[in-house]
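Colleague: First the structure, which I've put down as structure tokens, then a few questions once you've had a look.
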Amino acid sequence: ISTENTPLSTALTGHTGDVYNVAFSADGRILASAGRDGTVRLWDVTGSPRPLGAPLAAGSGYVYWVAFSPDGRTLATAGRDGTVRLWNVTDAAHPVPWGPPLRGHTSYVFSVAFSADGTTLVSAGYDHRLILWNVADPAHATAWGPPIVAGSGAIASAAFSPDGRTVASAGHDHTIRLWNVADPA
């Protein structure tokens with residue numbers, strides 16, 4: 001009997017509300033989960049899965065999205081409080097903020113994604129905006145420029161192309177838009 005596509009017998013529990021998003025680190029050893037309870041949890045998924053450290057308080061409301069940088073040193077979170085947060089997860093059992101929350105959205109931030117080289121982060125929000133963040137130095141991240149107004153509805157998610165020159169955004173206005181971000185400024 002094949003066990004392919006059979007769920008693991010272990011359920012990871014700990015969130016006290018809906019879990020909205022999960023992401024694996026590039027090496028596949030750590031799983032991050034984002035929840036309605038306003039926390040992010042990190043899990044060691046090598047061997048028998050187990051929690052790593054205390055839950056991260058990632059804002060004053062729901063956490064909608066998590067994404068690891070390609071080098072695995074940074075975890076980005078997107079929250080209902082309108083912020084993007086960057087976490088130093090070099091020691092995943094003891095993560096710490098790289099700096100203050102990134103502000104630029106005027107409402108919920110639904111998703112975040114890193115470019116393949118890890119120097120740029122895109123955030124997508126309920127406010128119809130995309131923001132490109134310079135995260136080459138995550139402790140001193142800044143917006144590359146003004147927000148991009150990306151349609152007439154909330155932007156549910158965004159993703160970089162493998163070469164980092166294009167961002168695709170998915171909107172509540174029933175559209176997918178492609179953006180040339182070869183020069184993020």
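The values are calculated or read from the model by the stated rules, or taken from the named source; none is laboratory data. Fair warning: this is a prediction, and the values are worked out from it, not measured in the lab. Every residue, glycine among them, receives a Cβ derived from its backbone with ideal geometry; neighbour counts consider all protein chains shown. In case anyone asks, the SASA skips ligands and DNA or RNA and just uses the protein heavy atoms, side chains included. Shrake-Rupley method; radii C 1.70, N 1.55, O 1.52, S 1.80 Å.
Colleague: Looking at segment 45-58, which of the residues that are open to solvent by 60 Å² or more (accessible area, probe 1.4 Å) and part of a loop (DSSP other than H, G, I, E, B) is nearest to G164 (Cα to Cα)?
Modeller: That would be G47.
Colleague: Going by the conditions given, is S115 at pLDDT 95 or above, touching a Gly at 6+ places or on another chain (Cβ under 8 Å) and either surrounded by 15 or more Cβ atoms within 10 Å (Cβ to Cβ) or charged (D, E, K, R) (or both)?
Modeller: Yes: the conditions hold for S115.
Colleague: Also: A67 - would you say it is modelled with pLDDT of 95 or more and small (G, A, S)?
Modeller: Values: modelled with pLDDT of 95 or more: yes; small (G, A, S): yes.
So A67 passes the test.
Colleague: Just the residues that are of a type outside the set (A, V, I, L, M, F, W, C) and not in a loop (DSSP other than H, G, I, E, B), please, taken from segment 155-185.
Modeller: Selection gives S157, T166, S169, G171, R177, N180.
Colleague: Right, next: With respect to L42, determine if the residue is at negative phi, over 14 Å from the mean Cα position of the chain (by Cα), modelled with pLDDT of 95 or more and open to solvent by less than 50 Å² (accessible area, probe 1.4 Å). Outline the logic, then answer.
Modeller: On the way: at negative phi: yes; over 14 Å from the mean Cα position of the chain (by Cα): no; modelled with pLDDT of 95 or more: yes; open to solvent by less than 50 Å² (accessible area, probe 1.4 Å): yes.
Judged against the criteria, L42 is not a match.
Colleague: Would you mind telling me which numbered condition in (1) without any contact (Cβ under 8 Å) to a residue 40 or more places away in the chain; (2) open to solvent by less than 50 Å² (accessible area, probe 1.4 Å) A11 fails?
Modeller: Against the list (1) without any contact (Cβ under 8 Å) to a residue 40 or more places away in the chain; (2) open to solvent by less than 50 Å² (accessible area, probe 1.4 Å), A11 comes up short only on (2).
Colleague: Would you kindly identify the strands (runs of 3 or more DSSP E) lying entirely within segment 59-144 that contain at least 3 residues that are free of Cβ contacts under 8 Å to residues at least 60 places away in the same chain and over 10 Å from the mean Cα position of the chain (by Cα)?
Modeller: 83-88, 129-134
Colleague: Is it the case that some residue within segment 97-104 is surrounded by fewer than 23 Cβ atoms within 10 Å (Cβ to Cβ) and within 17 Å of S25 (Cβ to Cβ)?
Modeller: Yes: segment 97-104 contains one or more residues that are surrounded by fewer than 23 Cβ atoms within 10 Å (Cβ to Cβ) and within 17 Å of S25 (Cβ to Cβ).
Colleague: While we're on this one: Can you name the number of the only condition in (1) open to solvent by 20 Å² or more (accessible area, probe 1.4 Å); (2) more than 16 Å from P138 (Cα to Cα) that V109 fails?
Modeller: (1)
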